[in-house]
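S.K.: Following this message is one structure expressed as structure tokens.
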There are 2 protein chains.
Amino acid sequence: MTENWLNKVNWAQDGLVPAITQEAGTGRVLTVAYMNREALEKTVLSKEAHYWSRSRKKLWHKGEESGHTQKVRSIRLDCDEDAILIEVEQIGGIACHTGRHSCFYQELQDGKWVATDPVLRDPKDIYKA
Amino acid sequence: MTENWLNKVNWAQDGLVPAITQEAGTGRVLTVAYMNREALEKTVLSKEAHYWSRSRKKLWHKGEESGHTQKVRSIRLDCDEDAILIEVEQIGGIACHTGRHSCFYQELQDGKWVATDPVLRDPKDIYKA
């Protein structure tokens, strides 16, 4: 495996691209996070999703604290090569730090953002272990 | 309808957030583009997807040239309010300027990005009209 596939990605000036994570089977979009070269390389090699945490400014192995890792099924790149789509199996069924299945749990209804998805597990319990 | 729902979005310093567009029914992720306040407001009011074109630096009514508009079914916001997910009906079945169904037509296979999806219509024909 050469690095050519990493060079094909059109990294932004800050070295990142958005990475959309979609659940295999359900097709549910779980998260949008960011990857740098290292995160994408580690994702490909380990077959588990890695991102660059913009808030913590460090590489982030998704699920490293909660155990809710994302097993990668496929990795796609868009036409202008500046966005990545990964298809994953979400271990534990919870992708969001709020304890919900997906981070996209707020829907615009009549001019208000309404939380439509239930909290499946108390975040305190998720991050205790 | 007040502007409160627009203020809840955590716009980046450049005034934009990524907007992921997913096809109703198939669940296929079609595009990742960017929205500013005006694009989101126009999307909500017209029920057709509008984006901010970073390359052309202007508001972009998706399908304005090709006729391949995106009819909006739902609009979601993620947990940290800096990414939007819209569910759409893709008119004409072609979201990508290359004439493909989705922009995510390249899949990483054995260290190479492989175009796995067919061109459904010649882009020259799409933009002629």
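S.K.: Give, as a single signed number, the net charge of other residues whose beta carbon lies under 14 Å from the beta carbon of B:Asp117, with Lys and Arg counted +1 and Asp and Glu -1.
M.R.: Summing Lys/Arg as +1 and Asp/Glu as -1 gives +1.
S.K.: Distance in nm between label sites at A:Lys112 and B:Asp110, each 7 Å beyond Cα in the beta-carbon direction?
M.R.: If labels sit at A:Lys112 and B:Asp110, their model points lie 5.6 nm apart.
S.K.: I've got another one for you. Taking the label point 7 Å from Cα in the Cβ direction, how far apart in nm is B:Asp110 from each other copy of itself, listed shortest first?
M.R.: Spelled out, the distances from B:Asp110's label point are 5.7 nm.
S.K.: Just to confirm my numbers, what's the Cα centroid distance between region A:19-43 and region B:49-114 in Å?
M.R.: 17 Å
S.K.: Further question: Which residue of chain A is nearest the rotation axis onto chain B, counting by its Cβ, and what is the distance in whole Å?
M.R.: A:Gly27, 1
S.K.: Share of Cα-Cα pairs in region B:4-128 beyond 17 Å, in percent?
M.R.: Roughly 58 percent, once rounded to a whole number.
S.K.: Please give the net charge around B:Ser55, taking every other residue with its beta carbon less than 12 angstrom from that of B:Ser55, where Lys and Arg add +1 and Asp and Glu add -1.
M.R.: Spelling it out: positives minus negatives among the neighbours equals +2.
S.K.: To the nearest 0.05, how large is the calculated FRET efficiency for B:His97 and B:Arg37 if R₀ is 30 Å and r is the Cβ-Cβ distance?
M.R.: Using R0 = 30 Å, I get an efficiency of 0.75.
S.K.: In addition: Along Cα→Cβ at 7 Å, what distances in nm separate the B:Leu6 label point from those on the other copies, shortest first?
M.R.: Going from nearest to farthest copy, the values are 4.2 nm.
S.K.: Arrange the following residues from fewest to most other Cβ atoms within 10 Å of their Cβ: B:Thr26, B:Thr21.
M.R.: Sorted ascending by nearby Cβ count, the order is B:Thr26, B:Thr21.
S.K.: For helix B:37-46, report the angle its Cα long axis makes with the longest principal axis of the Cα atoms of chain B; keep it between 0 and 90° and round to the nearest 10°.
M.R.: 80 degrees
S.K.: Here's a follow-up. Provide the net charge surrounding B:His101, with neighbours chosen by a C-beta distance below 9 Å and charges set as Lys +1, Arg +1, Asp -1, Glu -1.
M.R.: 0
S.K.: Modelling each spin label as a point 7 Å along the Cα-to-Cβ direction, I'd like the B:Lys71/A:Asn4 distance in nm, to one decimal.
M.R.: Once both label points are built, they end up 4.4 nm from each other.
S.K.: Sticking with this structure for a sec: Taking a 20 Å limit on the Cα-Cα distance, which of the listed pairs A:Lys112/B:Lys42; A:Lys8/A:Lys57; A:Lys42/A:Lys124 fall beyond it?
M.R.: Going by Cα-Cα distance, A:Lys8/A:Lys57; A:Lys42/A:Lys124 fall outside the 20 Å limit.
S.K.: Further question: Listing B:Trp52, A:Trp113 from the residue with the fewest other Cβ atoms within 10 Å to the one with the most, what is the order?
M.R.: Result, fewest neighbours first: A:Trp113, B:Trp52.
S.K.: Using the Cα centre of region A:4-128 as the reference point, and only Cβ charges (+1 on K/R, -1 on D/E), how large is the resulting charge dipole? Debye, rounded to the nearest 20.
M.R.: Result for region A:4-128 is approximately 400 debye, rounded to the nearest 20.
S.K.: Choose one of B:Val17, B:Ile75, B:Tyr51: the residue whose Cα lies farthest towards the positive end of the charge dipole of region B:17-129 (beta-carbon charges +1 Lys, Arg; -1 Asp, Glu; about the Cα centre).
M.R.: B:Tyr51
S.K.: Over all directions, what mean area does the Cα convex hull of the protein assembly as shown project, stated in square nanometres?
M.R.: In nm², the orientation-averaged hull projection of the protein assembly as shown is 13.9.
S.K.: Once the label point is set 7 Å along the Cα-to-beta-carbon vector, what list of distances in nm do you get between A:Glu38 and its counterparts in the other copies?
M.R.: 4.0
S.K.: If you take the square roots of the eigenvalues of the alpha-carbon gyration tensor of region B:58-129 and sort them as a ≥ b ≥ c, do you get rounded (a/c under 1.5), prolate (a/b over b/c) or oblate?
M.R.: Oblate shape, in that a/c is at least 1.5 and b/c is the bigger or equal ratio.
S.K.: How far apart, in nanometres, would the label points at A:Asp125 and B:Arg121 be if each is projected 7 angstrom from Cα along the Cα-to-Cβ direction?
M.R.: Taking the two extended label points, one gets 5.0 nm.
S.K.: Considering chain A as a Gaussian network with a 10 Å cut-off on Cα pairs, which listed residue, A:Leu45, A:Leu16, A:Leu59, attains the greatest mean-square fluctuation?
M.R.: With Cα springs under 10 Å in chain A, the top fluctuation among A:Leu45, A:Leu16, A:Leu59 is at A:Leu45.
Computed from the coordinates by the stated procedures, all read-outs in this text should not be read as laboratory data. On a predicted model such as this, the values are computed, not experimentally measured, just so you know. Using ideal geometry, Cβ is built from the backbone for each residue, glycine included, and neighbour counts are taken over all protein chains shown.
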